[in-house]
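Below you'll find the structure, written out as structure tokens, and then a few comments.
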Amino acid sequence: MEVLLELEGIGKSYPGVRALDGVSLRLHRGEVLGLIGENGAGKSTLMKVLGGVVAPSEGRIRIAGHDRPSLTVPEATQAGIAFVHQELNLFDNLDVAGNVLFGREPVRGGPLRLLDRRAAREKVEPLLRRLGADFGPDAPLAELSIAQRQLVEIARALAAEARIIILDEPTSSLTLSETARLLAVVKELRASGTGLIYITHRLGEIMDCADRVACLRDGRMAGELRRDEIDHAAMIRLMIGRDLRALYTAPARAPAQGGLEILGLVTSAFPARQLDLHIHPGEILGLAGLVGAGRTTLARTLFGIDPPLAGSLRLDGKPLRIRSARDAVAAGLYLIPEDRKQAGLVLEMPIVENVTLASAPLYARFGLMRRGAEWQASEEQRLSLRIKAPSSGTRAGALSGGNQQKVVLGKWLSMAPRVMLFDEPTRGIDVGAKGEIYRLMRALADRGVAILMISSDMEEVLGVSDRIAVMHEGRISGTLERDAFSEQAVLRLAIGSEGAGTARKQAEGVPA
């Protein structure tokens with residue numbers, strides 16, 4: 001197979017940090033190379049080297065048989081390298097053709113050099129057909145979904161005649177059906193001879209599309225897997241040096257009586273369905289279900305964000321009325337939201353202010369904050385949760401996803417949790433950080449906290465939960481004890497007797 005790209009002995013050093021150490025990598029024509037590794041393993045630095053954003057400290061880059069000590073951004077583009085970033089670099093005020101051909105727009109002759117819109121459409125239309133896009137070159141970008149915008153990014157790479165396309169977490173905001181479409185596009189590009197580097201934490205996607213897997217760990221190449229060697233366990237061992245199953249811990253004791261009882265609850269998502277559920281102190285109750293089943297709406301209703309239409313709550317046998325998030329916090333019922341950046345943190349604030357934000361009155365005297373007590377409480381959480389930051393003065397937005405999640409958790413642990421609602425607790429977090437979150441959840445349960453864990457990760461649901469409740473269109477379709485856990489059992493309950501409706505919602509991307 002023709003070698004499109006070869007990196008040999010790439011190293012990159014910053015003051016006090018060895019980001020890359022002797023990394024060697026090859027990419028062949030018509031190959032999908034899955035690149036995996038925990039956050040901080042060096043993937044982003046390696047891609048910046050390849051994209052010409054940073055120059056390596058040592059090593060060489062060979063593209064199409066030509067050796068280079070480093071690349072600039074224009075040189076990388078000219079060499080046929082294109083990136084499809086997780087944070088899409090598109091212009092909402094332009095149409096699809098304008099985005100695909102940005103910087104290379106066809107123009108008509110004459111002194112004014114006007115944009116040739118017909119020529120632009122003629123260039124872009126076959127690219128969109130090739131990708132199976134359901135929109136045309138004249139479509140305003142602002143009206144497109146995230147999945148459609150991903151296709152625009154890929155079309156832009158094809159318009160630049162890229163021979164090497166790097167996809168960085170391309171499905172992080174896509175539904176299952178949109179993800180399936182993107183993976184089909186990846187396979188079509190591979191068949192046409194394009195070389196692709198596919199970076200993701202979603203190992204199932206790697207298993208689906210990769211011809212080979214390369215793993216970075218602590219800035220070094222930890223190993224590679226051939227196609228016939230690729231499976232979840234092998235990839236996880238490369239990333240963290242051990243089997244993920246070793247991270248799961250059984251409860252220290254049987255669940256206690258009491259906890260949160262949900263009786264006949266009706267949410268705004270499914271006004272014709274009632275829901276009953278009991279979360280015991282000392283247990284992790286996993287909540288599974290297809291996209292659109294109503295899991296996130298349930299969490300928002302329990303936390304007082306969305307008003308219930310009917311039903312009641314009991315906490316440790318006593319009636320509980322929650323009309324607002326303030327009521328939930330006062331009762332010791334706390335939410336770790338699905339989108340920690342938008343709903344769980346103030347990214348521009350330091351760790352200390354995020355940790356004490358919900359309990360600020362505890363650190364105030366005569367209307368003034370007691371900064372010493374506030375700092376002490378935050379530092380206790382930073383150290384006990386092992387948040388990787390120099391101090392509590394570090395800005396939350398500068399932390400990795402796993403450490404941001406720990407800050408959200410620290411905000412509630414500085415108070416007195418009785419019930420914790422975790423909505424997609426490890427979304428966007430690497431495998432090693434997932435293990436830490438799981439251990440923290442188990443420690444909370446062992447302290448007697450009742451935990452509801454909403455997750456779309458089947459491996460997570462089966463591995464971490466003490467019991468599993470499954471939602472189907474706004475109701476609990478069944479619960480499973482640990483000895484009855486299986487992927488098939490969960491899916492049967494998730495589809496339900498009216499599974500066609502939920503499957504249709506999932507395909508259409510209806511939110512949970």
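Laboratory data are not the source of any read-out in this text; all were calculated from the coordinates shown. Model, not experiment: these values are computed from the prediction. So basically every Cβ, Gly included, is an ideal-geometry build from the backbone, and we count neighbours across all protein chains shown.
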Points 7 angstrom from Cα along the Cβ direction at HIS66 and GLN78: gap in nanometres? 0.7 nm
Be a star and scan region 323-338 for residues whose amide nitrogen sits under 18 Å from the point 7 Å along the Cα-to-Cβ vector of LEU357. 325-330, 333-338
Cα→Cβ-extended label distance, 7 Å offset, between SER13 and LEU263, nm: 6.8 nm
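Given the pairs LYS318/LYS341; LYS411/LYS434; LYS341/LYS434; LYS43/LYS388, which span a C-alpha to C-alpha distance of over 25 angstrom in this model? Don't skip to the answer; put the middle values down first.
On the way: LYS318/LYS341 34 Å; LYS411/LYS434 19 Å; LYS341/LYS434 17 Å; LYS43/LYS388 19 Å.
In this structure, LYS318/LYS341 lie more than 25 Å apart at Cα.
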Explain nothing, just the number: dipole magnitude of the chain about its Cα centre with +1 on each Lys and Arg Cβ and -1 on each Asp and Glu Cβ, in debye rounded to the nearest 20. 860 debye
Three-way shape call for region 417-472 based on the alpha-carbon gyration tensor, with the a/c threshold at 1.5: oblate
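Applying a 10 Å radius around every beta-carbon, put 193-199, 490-496 in order of their mean neighbour count, most first. Mind showing how you got there, number by number?
On the way: 193-199: 22.7, 490-496: 18.6.
For the peptides 193-199, 490-496, the packing ranking is 193-199, 490-496.
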Ordering of 284-291, 339-346 by burial proxy (mean other Cβ atoms within 10 Å per residue, highest first): 284-291, 339-346
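Arranged by the count of other C-beta atoms within 10 angstrom, fewest first, what order do ARG227, ARG121 take? List each step's numbers first, then the result.
Details: ARG227 11, ARG121 17.
Ascending Cβ contact count within 10 Å gives the list ARG227, ARG121.
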Full extension between ALA119 and LYS341 adds, at 0.36 nm per residue less the Cα distance, a length in nm of 75.8 nm
Taking R0 as 35 Å, what's the FRET efficiency between ARG29 and ALA142 from their Cβ-Cβ distance, rounded to 0.05? 0.45
How many nm is it between the label spots at ALA325 and ALA416, if each spot is 7 Å from the Cα in line with the beta carbon? 2.2 nm
I'd like the Karplus ³J(HN,Hα) series for region 17-26: coefficients 6.51, -1.76, 1.60, θ = phi - 60°, whole numbers in Hz, and an x wherever there's a Gly or Pro. 9, 9, 6, 10, 9, x, 7, 10, 7, 10
Of the listed peptides 217-226, 152-161, what is their order by residue-averaged count of other C-beta atoms within 10 Å, with the highest listed first? 152-161, 217-226
Simple Cβ-charge dipole of region 1-82, Lys/Arg +1 and Asp/Glu -1, about Cα centre, in debye nearest 20: 120 debye
Specify the inter-centroid distance of region 351-396 and region 1-68, based on alpha-carbon positions, in whole Å. 39 Å
Amide H partners (placed H, <5 Å) of ILE166, local residues excluded: ALA82, PHE83, VAL84, ILE197
Could you tell me which residue out of GLN78, PRO56, LEU90 lies farthest along the dipole of region 48-154 toward its positive end? Charges go on the beta carbon: Lys and Arg +1, Asp and Glu -1, centred on the Cα centre. GLN78
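Work out, step by step, the length gained on full extension between GLU224 and ALA310: first 0.36 nm times the residue separation, then minus their alpha carbon distance; give nm to one decimal. Walk me through the intermediate numbers first.
Numbers: separation 86, 0.36 × 86 = 30.96 nm, distance 5.45 nm.
Using 0.36 nm per residue and subtracting the Cα-Cα distance, I get 25.5 nm.
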